[in-house]
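The values are calculated or read from the model by the stated rules, or taken from the named source; none is laboratory data. This structure is a prediction, so every number in the text was calculated from the model and none was measured. We place every Cβ from the backbone using ideal geometry, glycine too, and count neighbours over all the protein chains shown. For accessibility, only protein heavy atoms count, side chains too; no ligands or nucleic acids. Shrake-Rupley method; radii C 1.70, N 1.55, O 1.52, S 1.80 Å.
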Amino acid sequence: MPDVLFIKTSSLGDVIHHMPALTEARARRPDARFAWVVEEAFAPLVRLHPALDLAIPVAARAWRLAPHRPATWRNMASFRHALRARPFDEIVDTQGLFFKSALIARYAQGRRHGYDAKSIKERAASWLYDVRHCVEWNQHAVARNRALTAQALGYAPQGPPDFGLDRSRLAGPATAPYGVLLHATARRDKEWPEADWRTLAAALGASVDLAVPFGTEAERRRAGRIASATPRARVPEREPLDRVARLIAGASFVVGVDTGLLHLAAALGVPLVAVFSATEPALTGPVGVGPIAVLGGMGAPPSVAEVLDAVRRIGMS
């Protein structure tokens with residue numbers, strides 16, 4: 001039985017965009033065992049994928065924040081030892097970044113696959129692979145992940161992407177309808193104005209309950225201000241990603257900026273409205289089987305009226 005190791009550590013959107021590659025790999029290589037090196041915060045979400053046999057958490061973000069601490073070096077050494085203790089037949093790095101993923105691939109035992117120098121963002125990363133594959137740049141991230149994985153494992157991608165997540169199972173018993181507002185993003189240029197979020201919350205709150213999740217303390221405060229626009233909005237406690245996935249799976253609709261949780265909503269098939277202002281939707285936009293409305297684009301965020309109209313079009317039930 002072949003053992004395959006995937007390396008896609010972060011960010012959340014990148015991790016979700018790799019899930020269809022895992023689904024397809026399981027279907028095409030049912031005899032294989034699949035492991036995945038992923039940033040520790042995202043491991044609970046990755047473990048929800050039914051095709052995965054083993055999630056291997058890595059604390060790379062914490063290492064970068066404290067690179068000179070003895071505890072960091074001990075943690076790094078422990079991770080390398082654990083990774084090398086189990087040999088793999090094939091190692092597939094769909095991240096393609098030198099420090100973030102290619103060096104991790106070098107720690108592992110097995111034949112290392114990655115993008116070639118013309119297909120990769122950081123060309124130096126391609127030096128660390130045993131097998132280098134040519135993958136078309138000008139396509140969506142989901143398609144690139146599937147293409148590299150297919151070349152590494154010996155098949156051709158077929159059919160639409162399947163993220164492998166079961167919305168109905170994650171959502172649990174039916175509840176009163178509610179929407180989720182995903183205002184938080186790590187990049188300020190991706191944000192939608194807080195005043196617009198408040199106006200949107202007040203308008204939507206006239207007919208449906210709302211949840212406004214957050215990640216950081218600053219985002220918690222902003223979530224509170226957005227939620228204060230209507231008595232029907234709440235700010236849920238911060239929880240691990242598997243529980244956040246359940247919150248999103250149970251929603252009637254999602255409105256969000258270009259952030260990882262928006263891609264999670266798309267992967268689950270939840271009706272969503274994507275608000276873009278600083279990135280190109282054609283390359284990193286949400287992909288899924290549910291109704292999706294993509295508004296705005298590079299330097300051109302949508303208005304509140306446009307977002308409200310899109311929410312009504314995709315349905316609020």
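Using a 1.4 angstrom probe and counting only protein chains, how large is the accessible area of R29 in Å², to 10?
Result for R29: roughly 60 Å² accessible.
At a Förster radius of 25 Å, what calculated FRET efficiency corresponds to the Cβ-Cβ distance of E239 and R86, to the nearest 0.05?
For E239 and R86, the calculated efficiency is 0.25.
Quick one: the Cα spread of segment 47-156 along its three principal axes, in angstroms, biggest first?
Cα extents, longest axis first: 44, 30, 26 Å.
Excluding M1 itself, calculate the net charge of residues whose Cβ lies under 12 Å from the Cβ of M1, where each Lys or Arg counts +1 and each Asp or Glu counts -1.
Once all neighbours under 12 Å are counted, the net charge is -2.
Pick from F276, F99, F253: which residue has the top mean-square fluctuation in a GNM of the chain where Cα pairs under 10 Å get a spring?
F99
With a bin width of 5 angstrom, please list the P(r) values of segment 53-95 as percents of all Cα-Cα pairs, from the 0 bin to the one holding the largest distance.
Cα pair-distance distribution for segment 53-95, in percent: 5, 18, 25, 23, 16, 10, 3.
State the extension gain, in nm to one decimal, for the chain segment bounded by A300 and D116, taking 0.36 nm per residue of separation less the distance between their alpha-carbons.
Working it through step by step, the gained length comes to 62.8 nm.
Highest mean first, how do 147-157, 229-239 rank when packing is the count of other Cβ atoms within 10 Å averaged over residues?
Ranking the peptides 147-157, 229-239 by packing returns 147-157, 229-239.
Report the local net charge at D209: Lys and Arg +1, Asp and Glu -1, summed over other residues whose C-beta lies under 15 Å from its C-beta. Provide the component values of the computation, followed by the final result.
Values: positive: R232, R234; negative: none.
Taking every Cβ under 15 Å from that of D209, the sum is +2.
Tally Lys/Arg at +1 and Asp/Glu at -1 over every other residue whose Cβ is under 12 Å from the Cβ of R26; what's the total?
Here the count lands on -1.
Ignoring ligands and nucleic acids, what accessible area does T216 show with a 1.4 Å probe (Å², nearest 10)?
Approximately 70 Å² for this residue.
If you take every DSSP beta bridge whose two residues both sit in the chain, what share of them, in percent to the nearest 5, is antiparallel?
In the chain, approximately 0 percent of DSSP beta bridges are antiparallel ones.
Find the centroid of the Cα atoms in segment 233-270 and in segment 57-73, then give the distance between the two in whole Å.
If you average the Cα positions of each part, the centres end up 29 Å apart.
Go through I91, H133, Q151 and say which Cα lies farthest out towards the positive end of the charge dipole of the chain; charges sit on Cβ, +1 for Lys and Arg, -1 for Asp and Glu.
I91
On the Cα set of segment 203-317, report Rg and Dmax in Å, please.
That works out to 13.6, 37 Å for Rg and Dmax.
Identify which of the listed values of Kirkwood radius over Cα pairs in Å was calculated from the structure shown: [x] 23.2; [y] 21.4; [z] 20.4.
Structure-derived value, by its label: [z].
Computed FRET efficiency, Cβ-Cβ of R123 and T216, R0 35 Å: what is it to the nearest 0.05?
0.60
Suppose R0 equals 22 Å; then what is the FRET efficiency for E280 and A186 from their Cβ-Cβ distance, rounded to the nearest 0.05?
Efficiency for this residue pair is about 0.80.
Which order do W127, W63, W73 take by accessible area at a 1.4 Å probe, largest first? Don't jump to the answer; show the numbers that get you there.
Values: W127 180, W63 35, W73 140 Å².
Most to least solvent-accessible, the answer reads W127, W73, W63.
Please arrange E122, E191 by accessible surface area, largest first, computed with a 1.4 Å probe and ligands excluded.
These residues rank, largest area first, as E122, E191.
Express in whole angstrom the spacing between the alpha-carbon centres of segment 171-188 and segment 74-134.
35
Show that you can apply the helix-only estimate: for the chain, add -39,500 (n - 2.57) for every DSSP H stretch of four or more residues, divide by all residues, and state [θ] at 222 nm to the nearest 500.
-11000 deg cm²/dmol
Can you send over the solvent-accessible area of I292, 1.4 Å probe, protein chains only, in Å² to the nearest 10?
Here the accessible area works out near 60 Å².
Find the accessible area per residue for the chain; the probe is 1.4 Å, ligands and nucleic acids are left out, and the unit is Å².
For the chain, the per-residue accessible area is 44 Å².
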